[in-house]
Amino acid sequence: MGSNDAVMFAGVSKSYGAVRAVDGVDLTIPCGQTVALLGPNGAGKSTTINMMLGLFPADRGRVELFGRSPEAASAAGRVGAMLQETKLVPRVTVGELLAFVRGLYPRPLPTDDLLRVANLGGLVGRRLEKLSGGQAQRVKFAVAIAGRPDLLVLDEPTAAMDVESRREFWASMRRYSRDGHTVLFSTHYVEEADESADRVVVIAGGRLVADGSPAEVRRASTAQTVAVALPYDGAAGLERLPGVTAVEVRGDRAYLTTTEPDAVVCALVERGLLRHVEVRGARLEDAYLALTA
Amino acid sequence: MSGYLSIELRRLLRSPGYLMSSLAMPLVMYLVITNLYGGSGAARHDTAIYLMVSMAGFGAVGAALTNGLSVVADRSAGWLRQLRITPLSAGRVVVIRGLTGMLAALPAILAVCVVGGLINGVRLPLDHWFAVVALLWLGTAPFALLGLGIGYLVSTQAAQPVTMLLNLSMSILGGLWMPATVFPATLRAVSRFVPTSGYAEISRRIAFDGLPHATDIAVLLAWFVVFAGLATVAYRRAGRRTT
C-alpha cells in the first residue's frame, strides 16, 4: 500500500478549447470515506471523474489513486466505476457479463454476494438487451463492484431512475461502502448527498466551492428562510424588504431567503404581513444554491 | 484473457445475420461465375480452383473487416471505456478483438471450400486442402486489424460506408473478383501491392501445386505490421472519445 489516500488531486485543470472545465482542483480522499461530488450540470463533475479514472489526461496538475497513476490503479484491479451514458452491450446474459468482469480482478466478490448486494436475483439468465432501465442500472452497478474494488466511482448513477429505484440503489451503495470501501459519487440531487455521504464536495464552474460533512456544508451558508402566508395581494414587493435575497412562492406560502431573519420579521410586522410565520435554518439545498449561484 | 475471448465469441455466434451475410455473396458469386465462364474439362477444374480461393478470400476479408462495425457499436455504447478501467490491458483487448474478427472469417472460407469440393468438383490432395484453408484463415489477420482500426477511429456514421468502400476496392484491385491478368499494365503493377492480392495468391499457388512467391508473403506481412500499428494507435485514441 503506497498511500492511505484513495484519491489525490493536486492543482488539476482541464480545458476544452477556451472552456475551462476543471480549474485548479485540490482534493484528497482518505480510504474508507463516502464522498458526494455535488454540483449543477456543467460544473465539471464528469470531467473530474474521467480524469480520476485516467480516461482523460489532465492538462495540468497531478492525479493519483492509492499513491500511483489511475492507469496503474486500474491495472491492479483497485478501481470500479459506473460511467455516465454507457449502454450495456447486446447478446450477452447478465450472468455471463458478471462472470467475465469477476474473472478480470484478483479478489472479486463471490457471485452470491454480488447478486444480493446489487439486487439481481432472478435476472442471471436474462440477455442485457432485454433489461428494463432500472434493471440495467443495477447490472451496471454490479459490473462496477464485481471486482471488489477498493475505490468505487459512480458518475450520476441515479440520473434516469424513479424514486423507488433510487432508494433501492442507495441502499445497495451503502451496503458496499459499509464494508470499508471508498466510494465517490456525483449527483445533482442535494438530498442524495445529504443522506448517503460522509462528506460533500461542492463543485461549481470547475472549482471546489465547499468541502465538509453535510452538516458543515449546511453551516457554510448562513442563509435562513422566513416563511409566511402569502399576502392577499400576492408576493409583489416582498423581494424589496430589507435583508431579503430571494423570494419563492409555493402554494399559499411565500419563502424569503435572508441572512438577517430578525430584520425581515420586523419589516413584515410593520407592513401587517406577519401571518403563520416560520423561521428555518438553512437546508443543505439552500446552502448548495447559495454556494453555486 | 480467455474470459474476454469467450464473451466476444458468444456475442459473435449470437449474431447469425452477420455470419450468414458474410457467406451469401461469395457463395452465389462462386457458383454463378464458375458456371458462366467455367468452360469444360481441365480448364473448368482450374477455374473452379482459382475462383474457390478468390471467393473464399473475398468472403473472409469482408467478414474480418465487418467485425470493425461491431467495435464501433461497442465504442459508442461506452463498453471500451468500461473495459479500460478494469485490469484488462489495451494490448489484450486489441489482440482478442482481432482474433474475433479472424474467427468471424472462418465460416466463409469453409463454406466456399465445401461448395468447391462438393458442387464444383474441386479435387486437391488432403495436405493442399489443409494448407489452403489454414493460410486463407491466417491471412485474414491484417484485415481483422484494419477492421479494428476503422472501428476504433472512424465515426459511427462513417464506419459502414468506409468499410464497404475498402472491402470492394481491395477485392477488385487485389484481383479477387477478376484475375489481375486482365488489368491494364499500370493497374496490374499496383495490384501486386494491394493486401488482398498477396493474400489470395499465396493460397492459389499452393492449390495449383506450387510454392508461394516471397514478394506476396513480404507484402502481406508489411500490411500486417501497418494495420497492427493503426489498430493500436486507434485504440489508444478511442478511450478519450465517446462517439
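The values are calculated or read from the model by the stated rules, or taken from the named source; none is laboratory data. Just so we're clear, the structure is a prediction, and the values are computed from it rather than from any experiment. Reconstructed Cβ throughout: ideal geometry from the backbone, glycine too, with neighbour counts over all protein chains shown. Each accessible area value is taken on the protein alone, full model and side chains, heavy atoms only, with ligands, DNA and RNA left out. Shrake-Rupley method; radii C 1.70, N 1.55, O 1.52, S 1.80 Å.
Brief remarks follow.
- Pairs from the list A:K14/A:K140; A:K87/A:K130; A:K14/A:K45 with a Cα-Cα gap above 18 Å: A:K14/A:K140.
- Of all DSSP bridge pairs formed entirely within the protein assembly as shown, close to 65 percent run antiparallel.
- Angle in degrees between helix B:126-138 and the longest Cα principal axis of chain B, rounded to the nearest 10: 40
- Whole-number percent relative contact order across chain B, with pairs defined as alpha carbons under 8 Å at least 6 apart: 27
- Size of electric dipole in chain A: Cβ of Lys, Arg +1 and of Asp, Glu -1, about Cα centre, debye, nearest 20: 940
- Counting only DSSP beta bridges with both residues in chain A, the antiparallel share comes to about 65 percent.
- Förster radius 35 Å - calculated FRET efficiency between A:A159 and A:R107, Cβ distance, rounded to 0.05: 0.70
- The figure for B:H45 is an accessible area of roughly 50 square angstrom, using a 1.4 Å probe on the protein chains alone.
- Computed from label points 7 Å out along Cα-Cβ, the spacing between A:Y232 and B:L168 is 8.1 nm.
- Taking amide hydrogens as placed 1.01 Å from N in the peptide plane, the amide H of A:G147 sits under 5 Å from those of A:L109, each at least 5 positions away in sequence or on another chain.
- In this simple spin-label approximation, B:W79 and A:V277 carry label points 7 Å from Cα along the Cα→Cβ vector, and these lie 6.4 nm apart.
- Principal-axis tilt of helix B:16-37 within chain B, Cα atoms, nearest 10 degrees: 20
- Relative contact order, whole percent, for the range A:5-219 stands at 30, derived from Cα pairs under 8 Å and 6 or more residues apart.
- For chain A, the longest site-free run once trypsin sites (Lys or Arg not before Pro) in DSSP loop states with at most 12 other Cβ atoms within 10 Å are removed: A:1-270
- From phi via Karplus (6.51, -1.76, 1.60), per-residue ³J(HN,Hα) for the range A:7-24 in Hz, x at Gly/Pro: 10, 9, 10, 10, x, 8, 10, 8, 10, 10, x, 8, 8, 8, 6, 10, 10, x
- Helices in the protein assembly as shown, meaning DSSP H runs of at least 4 residues, each add -39500 (n - 2.57). Divided by all residues, the mean residue ellipticity at 222 nm is -17000 deg cm²/dmol.
- Figure legend: label point modelled 7 angstrom from the Cα of A:A76 along Cα→Cβ; residues of the range A:1-43 with amide N under 14 Å from it are A:1-8, A:31.
- Approximating the spin labels as points 7 Å out from Cα along Cα→Cβ, the A:V19-to-A:A215 distance works out to 3.9 nm.
- Within a Gaussian network of chain B (alpha carbon springs, distance under 10 Å), most fluctuating of B:R97, B:R75, B:R123: B:R123
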